[in-house]
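Please read the structure below before turning to the comments.
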Amino acid sequence: MQPFRRRYLHNVPIMTLGAFLVAIGFNMFLIPHQILSGGLSGISMMIGYLTGANIAWLYLALNIPVLIWGWFTLGRRFVIWSTYSVLAATLFLKVLPVMHTADDILLGAVFGGVIVGFGSGLALRYGGSSGGFDVVASIVTKRRDFPIGMIIFLLNASVIAILIFFTRNWDLALYSLIAIFSAGKVVDLVHVRHIKVTAFIITTKTEELRKKLLVHPRGITIIKTQGAFSAAERDMLMTVRTKYEVAELCKTITSIDPHAFINIVETVGVVGDFRKPDPN
């Protein structure tokens, strides 16, 4: 079995665990207290609370158009894994009972946020997402060099504003903010912050990698190198990415050249255009 296929099989239980944790956080901590999560899941919860509609199906329905948008804008592996996570979370939301695990609403907000954040962070760490605003923020950062955390925060703030408008319940909005904040902090711990990195890739399949990597709006520099021991000539591709893109980058490289040598280092700063020129 090829190495990248083994990694795919390894990802399935991790993504499934992440979706399971998201469902636990929703059904056992947030939903019993009618607290909102962030993102499209928060919108689905709000609609469910106000109308009595099934939150699991709303969660799936709201994610479908975003995932389709991401399919044409982001890497397909990222969207495929995100779709898997959304479908798995929907299934777990249907199967797991809604029950009061924490009687105190503050404990429900904190621990619900922590569990949801851990599940979402696992999905992000292994090359996917839990859908929703993660996908929207990824699309935005492909076009503009904005911190993804700030984008998600602003989108989540809009959800809370809508909640206040419809319910006039400031306590519920503040508890929801606690849940969203807790989830965001755990996602940062499990995944990575918005930090730029430089990837140095030594390969014998330069042209194949160049064509594949230039699908993304990041520039690449090709440098001729020579091995000190073997004296063999190789090409080194240098590209600057965000840490949010590292998992997808590594999977793309190893799927084309399983023997590529990849060195990833944190970048202190970037002067100049971070994105490749727009052909238009």
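Coordinate-derived values only; no laboratory data. Since we're looking at a predicted model, the values are computed, not measured. Counting neighbours? That spans all protein chains shown, and the Cβs are built from the backbone with ideal geometry, glycine included.
Things to note:
- Ranked packing of 109-121, 162-174, most packed first, by mean Cβ within 10 Å: 109-121, 162-174
- Once you reduce segment 190-266 and segment 33-72 to the center of their Cα atoms, the two points are 36 Å from each other.
- Cα gyration tensor, segment 3-190 - rounded (a/c under 1.5), prolate or oblate: prolate
- Least to most buried among 180, 31, 80 (fewest other Cβ within 10 Å first): 80, 31, 180
- As a rough footprinting exposure proxy, the listed residues 15, 28 were ranked by other beta carbons within 10 Å of their own, and the order from fewest upward is 28, 15.
- Length released on extending from residue 231 to residue 158, taking residue separation times 0.36 nm less the Cα-Cα span: 20.5 nm
- Legend: ranking of residues 243, 211 from fewest to most surrounding C-beta atoms inside 10 Å; resulting order 211, 243.
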